[in-house]
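Everything on this sheet refers to the single structure shown next.
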Number of protein chains: 2
Amino acid sequence: MADPEKVHAVRVGWGLVIHGGVGVLPPEQLTPAVDGAYRDALTESLSRGFETLSGGGSATDGVVEAIKVMEDSPLFNVGRGSNLTSDGLVSMDASIMEGGTLSAGAVAGVRDVRHPIRLARHVMDDCPHVLLAGEGAEAFAREMGMASHEPDFFFTQRRWDDLQAAKAREAQGEAKPNTVDAGDEEIRDRAGTVGAVALDREGLLVAGTSTGGSANKKWGRIGDSPIVAAGTYAGSHCGVSCTGWGEYFIRHAVAHDIQARMAYLGVTLKEATEQVVLGTLEDHRAGLGGVVAMDRQGYVEMCFNTRGMYRGWVDEVGRVRVAIF
Amino acid sequence: MADPEKVHAVRVGWGLVIHGGVGVLPPEQLTPAVDGAYRDALTESLSRGFETLSGGGSATDGVVEAIKVMEDSPLFNVGRGSNLTSDGLVSMDASIMEGGTLSAGAVAGVRDVRHPIRLARHVMDDCPHVLLAGEGAEAFAREMGMASHEPDFFFTQRRWDDLQAAKAREAQGEAKPNTVDAGDEEIRDRAGTVGAVALDREGLLVAGTSTGGSANKKWGRIGDSPIVAAGTYAGSHCGVSCTGWGEYFIRHAVAHDIQARMAYLGVTLKEATEQVVLGTLEDHRAGLGGVVAMDRQGYVEMCFNTRGMYRGWVDEVGRVRVAIF
């Protein structure tokens, strides 16, 4: 708590704030090499986003480019390296929203696209709908010229091992997906998500989120990441991207609630995020997770109620900060 | 506007308020016989809800029973008589939420269950997740002992004709699904949804919504009805069920926004619903639709910015009111 960035609001001007999920590895597994790999990946994502924005790209471009880096990295539960469902396949969700127009696009349960955030953007830009799911969303991806990738493309040994472990816990009756006694493994199984919020020089505020979903998920479960108002929102006052126990983020409409508190209570971004993440969600102990958020003045917030959250920001002069715990 | 029920808030005590969608037939098609059939169906739904509540059932029971009546009626775009997707099949969505605990359940893209609202309740009560989609949701229905029905069960000639008309408009380039120039047909194609909000004697406030979705829909489109915060919300201050152009209800998080305005601005249910339906949505002219809502004191609101909305309420002494325009 001595970290001044946790006490004082940080203003980046135009720039970008990202997260790579709250499902951080325990300290004993986060060796210096692994820790460095995560920080490098976060830095690469922020650098790509900064290059895009500084080169004249919009906040939408910045969010998509920053998230694509994490979708391509096997470190994060998204794109390549996504969690595996109970039948051993990936099932990815993503959403994106622009604050000015409230334009939004989202996809759920997609199995074959390399960059789900790009597909979500196509839904926003090229489709009358906001949310597409499953094979229908994949058919739309083909119409947009996006390639289909085989299951092997997304497979990683780490997520396969996670799935086997999750199935073993389930068989032993240890998985308590709806209780307050979530273990570290359960948090990691469920909370791997990436996201970005950007503000560009034109004042456009955009939020995006992408996820591989929870390990061992069944019954076509959809979490908060593709749900506008729950996992992602960009409105008149702020942009928000969430990571955490999706069911609680849906029930509390976390992303929209932060926007609503700023708009109706007149509180700052910092106050609104802390009220929701450290207040509302903490009061429901299983509401574990975090958010990154940005307001129209370029203030950023990275707030979580878990042990850590892969996260970082880049400001308008290219200064980068990344952190895990 | 001389209707006193539009000027003064109506208080029903414990009771139920329902809607059968804003996609009302044009006056020339709404013959006295058809008008009577809709009013009878609304009255039956309210009566079933009232019997459930007065017999000691919970608000959750009341919402489910009231909606089941409309799901069984071919008059409404839900359950039997649902709209047909571009491939000629039904694809139904539903959601339910309890205000006290924020428990919620929802299903999207379900093709074979008679009562999607019952399946949404099973998700809420018997599943760690909030939202299930497609074949996964149908598999969960089987685990809950719910029967699977063949496509023929849901088929109605009227919706088949609507689909052919929608396809013809699409072929002629007349369908402008994302513009402000929506014709009556487009509204009807998209806006058929039913919903209910109930308050029981214990003070439990519950909202539920069920829909057959939009006619000729493609790409696995999911509208607002199964989305907690968009089509349905029940929170500390009110319960809300929406009907209308789903994409706008998602972008504005309509159901949650009404709850948020009551909680943070301190306005009444009537003020909050009018701010959102007659303010926010009217400002975005394609945001056509309406809501029914109820607060913890038993006040009901039925607010819409379209020509009509099938709707009604029943109060704690069994008095029923239904209306269309």
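The values are calculated or read from the model by the stated rules, or taken from the named source; none is laboratory data. Not measured: the values here are computed from a predicted model. Every residue, glycine as well, gets a Cβ built from its backbone with ideal geometry; the counts of neighbours run over all protein chains shown. Please note that ligands, DNA and RNA were not included when accessible areas were found on the heavy atoms of the full protein model with its side chains. Shrake-Rupley method; radii C 1.70, N 1.55, O 1.52, S 1.80 Å.
For B:Leu89, which of the numbered conditions (1) open to solvent by 10 Å² or more (accessible area, probe 1.4 Å); (2) over 25 Å from B:Ala166 (Cα atoms) fails to hold?
It fails just one condition, (2).
B:Met97 passes all but one of (1) aliphatic (A, V, I, L, M); (2) open to solvent by 10 Å² or more (accessible area, probe 1.4 Å); (3) within 21 Å of B:Ala255 (Cβ to Cβ); which number fails?
Condition (2) is where B:Met97 drops out.
Give just the number: which of (1) part of a loop (DSSP other than H, G, I, E, B); (2) in contact (Cβ under 8 Å) with a residue 24 or more places away in the chain; (3) closer than 23 Å to A:Asp162 by Cα does A:Gly57 not satisfy?
(3)
Can A:Glu44 be described as over 22 Å from A:Ser214 (Cα atoms) and assigned to a loop (DSSP other than H, G, I, E, B)?
Details: over 22 Å from A:Ser214 (Cα atoms): yes; assigned to a loop (DSSP other than H, G, I, E, B): no.
No; evaluated as a whole, the condition is false for this residue.
A:Gly235: within 30 Å of A:Gly318 (Cβ to Cβ) and facing chain B (nearest Cβ under 9 Å), yes or no? Lay out the reasoning, then the answer.
Numbers: within 30 Å of A:Gly318 (Cβ to Cβ): yes; facing chain B (nearest Cβ under 9 Å): yes.
Answer is yes for this residue.
Please tell me if A:Val17 is open to solvent by less than 10 Å² (accessible area, probe 1.4 Å), within 15 Å of the chain's Cα centre (by Cα) and on the phi < 0 side of the Ramachandran plot.
Working: open to solvent by less than 10 Å² (accessible area, probe 1.4 Å): yes; within 15 Å of the chain's Cα centre (by Cα): yes; on the phi < 0 side of the Ramachandran plot: yes.
Here the answer is yes, as A:Val17 does meet what is asked.
Name the pairs: first residue in segment B:257-275 and within 8 Å of chain A (Cβ to nearest Cβ), second residue aromatic (Phe, Trp, Tyr), Cβ to Cβ under 6 Å, at least 6 apart or on different chains?
B:Tyr264/A:Tyr264; B:Leu265/A:Tyr264
Among residues belonging to segment A:221-232 that are open to solvent by less than 10 Å² (accessible area, probe 1.4 Å) and in a strand (DSSP E or B), point out the one that is farthest from the other protein chains (Cβ to nearest Cβ).
A:Thr232
Report the residue count in segment A:106-118 for those that are out of contact with any Gly (no Cβ under 8 Å at 6 or more places or on another chain), over 13 Å from A:Ser95 (Cβ atoms) and open to solvent by 20 Å² or more (accessible area, probe 1.4 Å). Walk me through how you get there before you give the answer.
Within segment A:106-118, the first condition is being out of contact with any Gly (no Cβ under 8 Å at 6 or more places or on another chain), and the residues that meet it are A:106-107, A:111-113, A:118.
If we keep only those that are over 13 Å from A:Ser95 (Cβ atoms) too, we end up with A:111-113.
Remaining after also requiring open to solvent by 20 Å² or more (accessible area, probe 1.4 Å): A:111.
Looking only at that region, the number is 1.
Condition check: open to solvent by less than 10 Å² (accessible area, probe 1.4 Å), touching a strand residue (DSSP E or B) at 6+ places or on another chain (Cβ under 6 Å), more than 13 Å from B:Val64 (Cα to Cα) and assigned to a strand (DSSP E or B). Does B:Gly208 satisfy that? Spell out the reasoning first.
Values: open to solvent by less than 10 Å² (accessible area, probe 1.4 Å): yes; touching a strand residue (DSSP E or B) at 6+ places or on another chain (Cβ under 6 Å): yes; more than 13 Å from B:Val64 (Cα to Cα): no; assigned to a strand (DSSP E or B): yes.
No; evaluated as a whole, the condition is false for this residue.
Being part of a helix (DSSP H, G or I) and within 14 Å of another protein chain (Cβ to nearest Cβ) is the filter; apply it to segment B:276-294 and report the residue that is farthest from the chain's Cα centre (by Cα). Break it down stepwise before answering.
Pass one, segment B:276-294, residues part of a helix (DSSP H, G or I): B:276-283.
Subsequent filtering for residues that are within 14 Å of another protein chain (Cβ to nearest Cβ) retains B:276, B:279-281, B:283.
On the way: B:Val276: 17, B:Gly279: 20, B:Thr280: 19, B:Leu281: 17, B:Asp283: 22 Å.
My answer is B:Asp283.
Within segment B:252-264, restricting attention to residues that are over 18 Å from B:Thr306 (Cβ atoms) and touching a His at 6+ places or on another chain (Cβ under 8 Å), which residue is surrounded by the fewest Cβ atoms within 10 Å (Cβ to Cβ)? Lay out the reasoning, then the answer.
First pass over segment B:252-264, keeping only residues over 18 Å from B:Thr306 (Cβ atoms): B:253, B:256-257, B:259-264.
Those left that are additionally touching a His at 6+ places or on another chain (Cβ under 8 Å): B:253, B:256-257, B:259-260, B:262-263.
Numbers: B:Ala253: 32, B:His256: 24, B:Asp257: 29, B:Gln259: 28, B:Ala260: 26, B:Met262: 23, B:Ala263: 19.
Once the filter is applied, the top-ranked residue is B:Ala263.
Among the strands (runs of 3 or more DSSP E) confined wholly to segment B:72-149, which include 2 or more residues that are charged (D, E, K, R)? Full working, then the answer.
Values: elements: B:92-98, B:104-110, B:131-133.
Answer list for segment B:72-149: B:92-98.
Where residues in segment B:131-147 are over 20 Å from A:Ala133 (Cβ atoms), surrounded by 12 or more Cβ atoms within 10 Å (Cβ to Cβ) and touching a residue at least 24 places away in the same chain (Cβ under 8 Å), which of them is nearest to the other protein chains (Cβ to nearest Cβ)?
Step by step, filter segment B:131-147, then rank; the result is B:Met144.
I'd like the full set of residues that are basic (Lys, Arg) and buried (at least 19 other Cβ atoms within 10 Å of the Cβ), limited to segment B:296-325.
Here is the first cut: in segment B:296-325, the ones basic (Lys, Arg) are B:296, B:307, B:311, B:319, B:321.
Hit for segment B:296-325 is B:Arg311, nothing else.
Please work out if B:Arg121 is at pLDDT 95 or above, open to solvent by 40 Å² or more (accessible area, probe 1.4 Å), under 18 Å from the mean Cα position of the chain (by Cα) and closer than 25 Å to B:Val34 by Cα.
On the way: at pLDDT 95 or above: yes; open to solvent by 40 Å² or more (accessible area, probe 1.4 Å): yes; under 18 Å from the mean Cα position of the chain (by Cα): yes; closer than 25 Å to B:Val34 by Cα: no.
Judged against the criteria, B:Arg121 is not a match.
Can you name every residue in segment B:234-247 that is modelled with pLDDT under 95 and touching a Leu at 6+ places or on another chain (Cβ under 8 Å)?
Listed by number, the residues that qualify are B:Gly244, B:Trp245.
Could you tell me which of the residues A:Lys68, A:Lys6 is modelled with pLDDT under 90 and either among the basic types (Lys, Arg) or open to solvent by less than 70 Å² (accessible area, probe 1.4 Å) (or both)?
Working: A:Lys68 fails: modelled with pLDDT under 90.
Exactly one residue qualifies, and that residue is A:Lys6.
Taking the condition open to solvent by 10 Å² or more (accessible area, probe 1.4 Å) and not in a helix (DSSP H, G or I), does A:Val267 pass? Spell out how you get there, then give the answer.
Values: open to solvent by 10 Å² or more (accessible area, probe 1.4 Å): yes; not in a helix (DSSP H, G or I): yes.
When the stated conditions are applied, A:Val267 passes them.
Which condition number in (1) farther than 27 Å from B:Met294 by Cα; (2) surrounded by fewer than 18 Cβ atoms within 10 Å (Cβ to Cβ); (3) in contact with a Gly (Cβ under 8 Å, 6 or more places away or on another chain); (4) within 14 Å of chain A (Cβ to nearest Cβ) is the one that B:Trp160 fails?
Against the list (1) farther than 27 Å from B:Met294 by Cα; (2) surrounded by fewer than 18 Cβ atoms within 10 Å (Cβ to Cβ); (3) in contact with a Gly (Cβ under 8 Å, 6 or more places away or on another chain); (4) within 14 Å of chain A (Cβ to nearest Cβ), B:Trp160 comes up short only on (4).
For segment B:243-251, does any single residue satisfy the condition of being more than 11 Å from chain A (Cβ to nearest Cβ), surrounded by fewer than 24 Cβ atoms within 10 Å (Cβ to Cβ), out of contact with any Cys (no Cβ under 9 Å at 6 or more places or on another chain) and not in a helix (DSSP H, G or I)?
First, pick out the residues of segment B:243-251 that are more than 11 Å from chain A (Cβ to nearest Cβ): B:243-244.
So of that shortlist, the ones also surrounded by fewer than 24 Cβ atoms within 10 Å (Cβ to Cβ) come out as none.
So far as segment B:243-251 goes, no, none of its residues is more than 11 Å from chain A (Cβ to nearest Cβ), surrounded by fewer than 24 Cβ atoms within 10 Å (Cβ to Cβ), out of contact with any Cys (no Cβ under 9 Å at 6 or more places or on another chain) and not in a helix (DSSP H, G or I).
Can you confirm whether A:Val63 is buried (at least 22 other Cβ atoms within 10 Å of the Cβ) and modelled with pLDDT of 95 or more? Spell out the reasoning first.
Details: buried (at least 22 other Cβ atoms within 10 Å of the Cβ): yes; modelled with pLDDT of 95 or more: yes.
Considered against the rule, which asks whether it is buried (at least 22 other Cβ atoms within 10 Å of the Cβ) and modelled with pLDDT of 95 or more, A:Val63 comes out as yes.
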